[in-house]
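Worksheet: one structure, shown below.
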Amino acid sequence: MPFVCSVVKFHFMPAELQTILEEGELELEGQFMHGSNYTFLVKLRHAKGEFKAVYKPSQGEQRLWDFPDNTLAQREVATYLISEALGWGFVPLTVLRDEAPYGPGSLQRFVPYDPNYHYFNFSDEDKALLRPVVLFDLLINNADRKGSHILFEEDSHAIWLIDHGVCLHQEDKLRTVIWDFAGEEIPSDLLDDLDRLHVELARDLGLPANLKPYLSPEEIAALNARAERILSERIFPLPPEDRRAFPYPPL
């Protein structure tokens with residue numbers, strides 16, 4: 001099935017979008033051919049309206065030696081929840097959908113963007129906007145921040161981050177193309193947001209409770225520990241020298 005990307009415009013409230021993602025009639029429209037896991041463009045129809053989404057079935061995930069099997073879809077949802085808890089809204093609305101053409105998987109709002117505009121040809125002005133992205137990846141322990149995983153939405157030019165299946169491992173696995181700010185102090189306003197999140201993570205309510213269906217207790221504890229370490233060090237780290245620091249392929 002060929003993949004056809006078209007511009008999607010909608011004006012729904014987040015609760016309405018979530019209802020459509022969870023309950024809407026799902027129709028396959030195409031497949032994204034780049035990437036190791038099966039990923040589909042779908043159309044969702046509902047009484048509240050319709051829009052396009054990205055569907056990643058769990059049974060289409062390639063096995064990884066260091067991540068538990070059939071957990072990537074759950075990590076996509078967990079990353080969305082963390083982004084929302086920070087108040088940064090970087091990750092498009094994402095849910096875990098049980099009833100879908102190829103079985104359970106993650107379903108994420110599709111963001112219209114220019115696929116030819118990516119990290120390696122971003123303007124200097126747009127690259128300067130990526131400090132919170134770097135901090136976010138450090139917090140979620142992103143093992144695969146490629147240059148094509150940062151989108152600037154058409155019309156609004158808002159930043160969106162996608163492809164978070166290999167995140168939130170309890171062991172340090174950060175791999176990213178964005179090392180532009182290594183050694184710099186993290187801006188205080190970003191640390192304030194992180195500190196608020198850290199306080200919430202220390203309780204067994206709110207975000208920790210919301211993450212329990214998607215992450216192991218060890219992974220939630222490691223998330224809290226990373227937040228604490230970042231708040232203590234207050235510096236964007238340098239690339240590690242004892243392991244691979246960049247994803248492959250980089251784009």
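The values are calculated or read from the model by the stated rules, or taken from the named source; none is laboratory data. Keep in mind it's a predicted model, so treat the numbers as computed, not measured. Here the Cβ positions follow ideal geometry from the backbone for every residue, glycine too, while neighbour counts run over all protein chains shown. Areas reflect the complete protein model, heavy atoms only, side chains present, ligands, DNA and RNA absent. Shrake-Rupley method; radii C 1.70, N 1.55, O 1.52, S 1.80 Å.
Checking each residue in the range 1-30 for being in contact with a Phe, Trp or Tyr (Cβ under 9 Å, 6 or more places away or on another chain), within 24 Å of residue 62 (Cβ to Cβ) and at pLDDT below 85 picks out 1, 3, 5, 30. Residue pairs whose Cβ atoms lie under 6 Å apart, sitting 6 or more positions apart in sequence or on different chains, and linking a residue in the range 108-137 that is within 28 Å of residue 17 (Cα to Cα) to a partner that is of a type in the set (Lys, Arg), are 110/52; 137/145. What tally of residues in the range 175-189 results from selecting those that are open to solvent by 20 Å² or more (accessible area, probe 1.4 Å) and either among the polar types (S, T, N, Q) or touching a Cys at 6+ places or on another chain (Cβ under 7 Å) (or both)? Residues in the range 175-189 being open to solvent by 20 Å² or more (accessible area, probe 1.4 Å) and either among the polar types (S, T, N, Q) or touching a Cys at 6+ places or on another chain (Cβ under 7 Å) (or both): 1 in total.
Among residues of the range 190-231 being open to solvent by 90 Å² or more (accessible area, probe 1.4 Å) and part of a helix (DSSP H, G or I), the one that is farthest from residue 138 (Cα to Cα) is 217. Applying the set (1) more than 21 Å from the chain's Cα centre (by Cα); (2) touching a residue at least 12 places away in the same chain (Cβ under 8 Å) to residue 227 leaves exactly one unmet item: (1).
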